[in-house]
Amino acid sequence: MTEHVRNNWTNREVAEIYESPILELIYRAATVHRAYHDPSEVQVCTLLSIKTGGCPEDCSYCPQAARYHTDIKVHRLLDVEEVLQKAGDALQAGSTRFCMGAAWREVRDNSDFDKVIEMVKGVNAMGMEVCCTLGMLTHEQAVRLKEAGLYAYNHNIDTGKEFYGEIISTRTYEDRLDTLENVREAEISVCSGGIIGMGEKKMDRISMLVTLANLPVHPESVPVNALVPVEGTPLEDQPKVPVWDMIRMIATARIIMPASMVRLSAGRVRMTAEEQALCFLAGANSVFAGDKLLTTPNPGLMADQELFQVLQLKPRPSRKAENARVTPDF
Ligand code: SF4
């Protein structure tokens, strides 16, 4: 069955897909995956926290919120040279996308933003796809980032709009959608997804997927995260997300947003190789490399190299590879 790219999904249609028998669901998603992507390729991205902690927001899952008492190492914005060094290391290790995250509520037009612009220019010059996640963004700021060479901007919607207020009170769902619109209008690729395992119901997950799939243009990248509970945050006692739930999310995202990259993101460290293989079969075609995902643990480079070898997967070249020097060697 070939799925078409559509932006008019209903909750009911998506619920039917999500709830279909799991092996049927995986088979359908794998079929769609093959129609739109090379299933032997997985994009390897590196995410670096360029400014950690001290965030004024209250996202219940996040150890970087200043109001929660967690043991993360808070630091100011890193220097441009240090970030470029780490980007070079990531490139050498096989990453073709480099994402820089700052724990800000929103971007401010100050010297820190000027530094981020320099970082974007530097990473772009290496031929990697450059991504940032910096909080809310105005149209003018998005244009400035685009002009510096930004390829993608991550801004997750986190969960369904009905459940959203249980998780965050310091910014609205509309604020998030407005930022996505500003990014899209600046012709930057949108990366947007969410987190499961925060106490939401099945319909909240479906609502989130429907919101993403019904954006005017599907996000180029859709991260699916399983909560990694962190001591000191309000969600510290949430139980582990069953792997079948992750597979259902990934498969459903793959079917309703067939051309997007579906990113198996946080929570991978708690999965076996076999469980990750099922996620790839269900349509995941992107992972984060490195032993940290901002502040939470992630499988290390060696574990990923072994996984790629066993599953005979290869890193997807940068979309900019045609006009750049990037040849991934993972
Ligand atoms: S998720 Fe982002 S905005 Fe929310 S508290 Fe953490 S750093 Fe701040």
The chain - share of DSSP beta bridges that are antiparallel (%, nearest 5): 10 percent
Note: Arg12 to Glu185 extended length (0.36 nm per residue) minus current alpha-carbon separation gives 59.3 nm
First measure r as the distance between the Cβ atoms of Ala66 and Asp237, then evaluate 1/(1 + (r/R0)^6) with R0 = 25 Å and state the FRET efficiency to the nearest 0.05. 0.75
What Cys residues in the chain have no fellow cysteine's beta-carbon under 4.7 angstrom? Cys45, Cys55, Cys132, Cys191, Cys279
Please give the calculated 222 nm ellipticity per residue for the chain, where each DSSP H segment of at least 4 residues contributes -39500 (n - 2.57) and the sum is spread over every residue; nearest 500 deg cm²/dmol? -11500 deg cm²/dmol
Can you compute the FRET efficiency between Glu174 and Met302 using 1/(1 + (r/R0)^6), with r the Cβ-Cβ distance and R0 = 45 Å? Round to the nearest 0.05. 0.55
Quickly work out the Arg270-to-Glu106 label distance, labels modelled 7 Å from Cα along the C-beta direction, and quote it in nm with one decimal. 3.4 nm
Give me the distance in nm between label points sitting 7 Å out from Cα along the Cα-to-Cβ direction at Asn214 and Ala277, one decimal. 3.9 nm
From the Cα trace of the chain, what convex hull volume per residue do you get, rounded to a whole Å³? 120 Å³
When the chain is treated as a Gaussian network with springs between alpha carbons less than 10 Å apart, the largest mean-square fluctuation among Ala303, Ala152, Ala87 is found at Ala303
Could you check the simple spin-label distance between Asp79 and His4, using points 7 Å along Cα→Cβ, in nm with one decimal? 5.6 nm
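Read-outs: derived from the displayed coordinates by stated rules, not from any lab. Keep in mind it's a predicted model, so treat the numbers as computed, not measured. A quick note on method: Cβ atoms are made from the backbone with ideal geometry, for glycine too, and the neighbour counts reach across all protein chains shown.
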